[in-house]
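Contents: one structure, followed by commentary.
The values are calculated or read from the model by the stated rules, or taken from the named source; none is laboratory data. Quick caveat, the model's predicted, so the values are computed rather than measured. As a convention, Cβ positions derive from the backbone with ideal geometry for all residues, glycine included, and neighbour counts pool all protein chains shown. For accessibility, only protein heavy atoms count, side chains too; no ligands or nucleic acids. Shrake-Rupley method; radii C 1.70, N 1.55, O 1.52, S 1.80 Å.
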2 protein chains.
Amino acid sequence: MNKKIILVDIDGVLADFEMGFIKAWGKKFPTHPKVPLEGRKAFRLAESYPNGLEKEIQSILSAPGFFENLNTIPGGKEALKKMQDLGHEVLICTSPISNYKNCVPEKYRWVAINLGFEWTKRIIMIKDKTLVFGDILIDDKPEHTGLREPVWKHVLFEAPYNQHVKTKLRITWDNWERILE
Amino acid sequence: MNKKIILVDIDGVLADFEMGFIKAWGKKFPTHPKVPLEGRKAFRLAESYPNGLEKEIQSILSAPGFFENLNTIPGGKEALKKMQDLGHEVLICTSPISNYKNCVPEKYRWVAINLGFEWTKRIIMIKDKTLVFGDILIDDKPEHTGLREPVWKHVLFEAPYNQHVKTKLRITWDNWERILE
């Protein structure tokens, strides 16, 4: 067997960031415009929303509990387990927001609560994922730019804001196993 | 100029982990044996202390405030700044303890307080540093084993517990500039 190092992103891949944001946004700013998931054409939230709401968007992401309380994306945990059972090394590779105060500890707690404590030892918290070695990165982010050319193959996790990316490596947790082919 | 990616560890390199531990240990367990810095022959604390104190050692490292309140090692901040001024990319590469609860957020806060907020964006929080790409890793830990052969050159930061390592690349913040030669 060809043992691989597989890096897996959290937000939009294991954790339902979009639904968490939409719910928190509607609750905190009930009169502000709402952008449904299918209207999210850009990866960055601020680019999908009308101009001038950057501060409000950041206030949602920085609020205590936002990252910790995200729901899981169904099938993610089982997929990670299956990858391990097949003999691969699986790591959680996630970028914190710059306002790290709640985000960083809550991402650790999210992993502990939703995947189990042992997975917290497999977290890689890093802004620039191009600096991480791996065979595969499963990530919903359309492009990764950073200090170097990544060595991993980017497998795109399906999302409305990455439809413009031309790749055959596009998965959900229903069909992820083809990345191993 | 040959622009390098330089990874710099926190504990024992930028932050005075040893002194922080000795002080906290004496305060919390005044009747337990103390091991002075020169008696620290093994990297892991538990291997330098008499058997049976692992739990007590962990209780010090896990206590709120331990990592956040570590003093700086003089010259570290200035060296990072100098590396950047010379055009290198400098990142902070640190391994959290498994009991991540206080350690992880406090390492971020330590960096914000002692190096400045911008440096928090350059933190890489990872257990297995062999997975990080860089040209140089400045670290006091004698050996790094992990999922792969590291691509970085390990520059050993001087400490009593790494004297057995045979390397010409051994520095303090007084003579670090020779790593660039």
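Distance from the C-alpha centroid of the range B:130-144 to that of the range B:17-62: 25 Å, rounded to the whole angstrom. Average projection, convex hull of the Cα set of the range B:109-154: 3.7 square nanometres.
Label-to-label distances for residue A:50 across copies, nearest first, come out at 7.2 nm, using points 7 Å from Cα in the beta-carbon direction. For q = 0.30 Å⁻¹, what log10 I(q)/I(0) does the range B:122-181 give under the Debye formula with an equal point scatterer on each alpha carbon and no solvent? After summing over all Cα pairs, the log10 values are -1.34. With label points defined 7 Å past Cα in the direction of Cβ, position residue B:34 shows copy-to-copy spacings of 6.3 nm, given to one decimal and shortest first. Expressed as a whole percent, the accessible surface of the protein assembly as shown that belongs to carbon and sulfur atoms is 53, based on a 1.4 Å probe. A 1.4 Å probe run over the protein chains yields, for the range A:52-123, 43 Å² of accessible area per residue, whole-number rounding.
If only the Cβ of Lys and Arg carry +1 and only the Cβ of Asp and Glu carry -1, the dipole of the protein assembly as shown around its Cα centre is close to 220 debye. Accessible surface buried by the A/B pair amounts to about 2200 Å², both sides summed, 1.4 Å probe.
The trypsin sites (Lys or Arg not before Pro) found in the range B:91-159 that occupy coil by DSSP, while having at most 13 further C-beta atoms within 10 Å, are B:148. Counted as membrane-span-like here are DSSP H helices of chain A whose alpha-carbon atoms extend 15 Å or more along the helix's own axis and whose Kyte-Doolittle mean is -0.5 or above; these are A:17-28. Copy-to-copy label distances for residue A:142, where each label lies 7 Å from Cα along Cα-to-Cβ, are 5.1 nm in order of increasing length. A viscosity of 1.567 mPa s and a temperature of 4 °C, combined with the Kirkwood radius over C-alpha pairs in the Stokes-Einstein formula, give the protein assembly as shown a diffusion coefficient of 59 µm²/s. Working note: Cα atoms of the range A:24-181, range along each principal axis, descending, whole Å: 50, 36, 33. Under a model in which nothing but the beta-carbon of Lys, Arg (+1) and Asp, Glu (-1) is charged, chain A shows a dipole of about 220 debye around its Cα centre. Translational diffusion of the range A:1-85, estimated by Stokes-Einstein from the Kirkwood radius over alpha carbon pairs at 4 °C in a medium of 1.567 mPa s, is 89 µm² per second. Placing unit charges on the Cβ atoms of the charged side chains and taking the dipole of the protein assembly as shown about its Cα centre, the candidate lying farthest along the positive direction among B:62, A:171, B:80 is B:62. The Kirkwood radius of the range A:17-61, taken over pairs of alpha-carbon atoms, gives through the Stokes-Einstein law at 25 °C and 0.890 mPa s a diffusion coefficient of 233 µm² s⁻¹. Residue B:145 exposes around 130 Å² of accessible area when a 1.4 Å probe is run over every protein chain in place. Where does the range A:60-100 land on Rg(C-alpha)/(2.2 N^0.38 Å)? For the range A:60-100, the normalised Cα radius of gyration is 1.53.
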